[in-house]
Structures are given as structure tokens and as C-alpha cells.
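*Asks:* The structure is given below, and queries will be raised subsequently.
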Amino acid sequence: MAPATPSSEPGKLTRASRVAAELRGEILQGGLRPGAKLNLDQLRERLEVSLSPLREAISRLVAEGLVEIEDQRGFRVAPVSEQNLTEIIEMRADLECLALGLSIERGDIDWESRVLSALHTLQRMNQEPAGARAHDKRAAAHAAFHEALASGCARATLIRLCTSFYDQNRRYMNILFPDPGERWRGADDHGAIAQAAVGRKKGLAVELLRQDIEQAGAPLAARLVETEKRQTTP
């Protein structure tokens, strides 16, 4: 997207960002279901925004892979499929492992501190009593840990791509495992990944991270196949 010009309306960019964030959250949490048509008039009324910032917000979500354009028919929430999930897991693993490898090569002591701090928070969240608030905190801590691993790579575009595929992966998790407790049952605390990363053991750290992403994707694929079978069985 082109940067704002001096003649741009500052409020318009703020409204577009707000609307994009709200719609992104609804899509990632499964509130806006896969394949659902986006009625611009209804969204404009519900979000209390004019058409211009709404279209800009949706364009951002198209670029993120969360919304699709239908020729002559408007927009719809990106559908889910086994093929798409496989691609997301593969891309996420490749990109995050690349970012982690570069972070280990280039990251300084501040990067190490971010990784260890994020690990500490994640481990503390694992000890929180079960409940919706605790699950939300754990989800945020998990995302922050993966972000910290990539944060030392010194490649802003790579970090944005990592975040995009992480979010798409998270959408599948929220849709296929609507019970938050089930999402995190038996999840690893990521301590081994962090220790290998700050210990500058690049090969081991990258291998552990790839295993973590692929292993987390396996039950998603299984649940998706199971769901599709139920939907097609008479």
C-alpha cells in the first residue's frame, strides 16, 4: 500500500486500521465463518464507518490472505481446506525457521533477553488455572514467544510474513478446536527451543522449531479431515 500523502485524511487511515483490526479479529476467532460473504452495506452500518475506509480495510485483509475477492460478487472470508492448511503449515515452518536462523546469527543480547522474557511469560501462563481469561493470556504469550524468536533477524518483511502465516494458522486452530482448553492440552512450553536459540545452537534450534510447528499442525489436519467427512456423510 502506498504511503499516505499530505492531502490524505488522517482520520480515514485511523478508521481503516480500526476496521481492519476488528474484522481480522472476527475472522481469526471464527466469528466470521470461512466462506461467508461480506456484505459491505451491513458491515458499514454495524461498524459505523463510511465505505472508503471499509474498502481499504478489506483490501488489507485480502493481502493477508484472510479475505478473497469474488469476480462480480464482492468479497468473502477465505475458506478453509486441507490443501490450504498444509500450505500454511509449510510456509510458516519455512519462514519462521529462516527468521530464527538469521536471529541466531545476527541477534544481540537484547534479542536474547526478549526470547527469555517471552519464554518466562509463556511458562507462567501454563501455570494459570483453566479459564477463558487464562487461555487468552496463553494464546497471547505463545504468539509473543514466536515473535521474539524472529525479532532478531533484521528483516521487517520476513517478520510480517511470519506474523501473517502464524495468524492464518491460528484461525484454523480457533475454528477446528472451539474449546480453548482443548487447543492447549499437552502443549510444549518451548523451553528447549529458547535455550538452543540463545545458546546459538542454530541447527538444533531450527530443527526444534520446525518440529514444534509441524507437530502442532498434525491434529489440525486430522480434525479438518474428520470435519469434512461428517459434513459429506448423508
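The values are calculated or read from the model by the stated rules, or taken from the named source; none is laboratory data. Worth saying up front: this structure is predicted, and the values here are computed from it rather than measured. Note that we place each Cβ from the backbone using ideal geometry, even for glycine, and neighbour counts take in every protein chain shown.
*Asks:* Among (1) outside any helix (DSSP H, G or I); (2) at pLDDT 90 or above; (3) farther than 24 Å from A221 by Cβ, which single condition is G31 missing?
*Replies:* (3)
*Asks:* Which of the residues that make up segment 194-234 are surrounded by 14 or more Cβ atoms within 10 Å (Cβ to Cβ), in contact with a Ser or Thr (Cβ under 9 Å, 6 or more places away or on another chain) and more than 17 Å from A118 (Cβ to Cβ)?
*Replies:* G217, A221, L224
*Asks:* Something else: Against the definition (outside the structural domain of R60 (by TED's automatic domain parsing) and in contact with a Gly (Cβ under 7 Å, 6 or more places away or on another chain)), how does I213 come out, yes or no?
*Replies:* no
*Asks:* Working only within segment 61-86, note down all residues that are out of contact with any helix residue (DSSP H, G or I) (no Cβ under 9 Å at 6 or more places or on another chain) and closer than 19 Å to A221 by Cα.
*Replies:* P79, Q83
*Asks:* To continue, here is another question. Just one of L54, L95, L61 is assigned by TED's automatic domain parsing to the domain that holds T14 and in contact (Cβ under 8 Å) with a residue 40 or more places away in the chain; which is it?
*Replies:* So the residue among L54, L95, L61 that is assigned by TED's automatic domain parsing to the domain that holds T14 and in contact (Cβ under 8 Å) with a residue 40 or more places away in the chain is L61.
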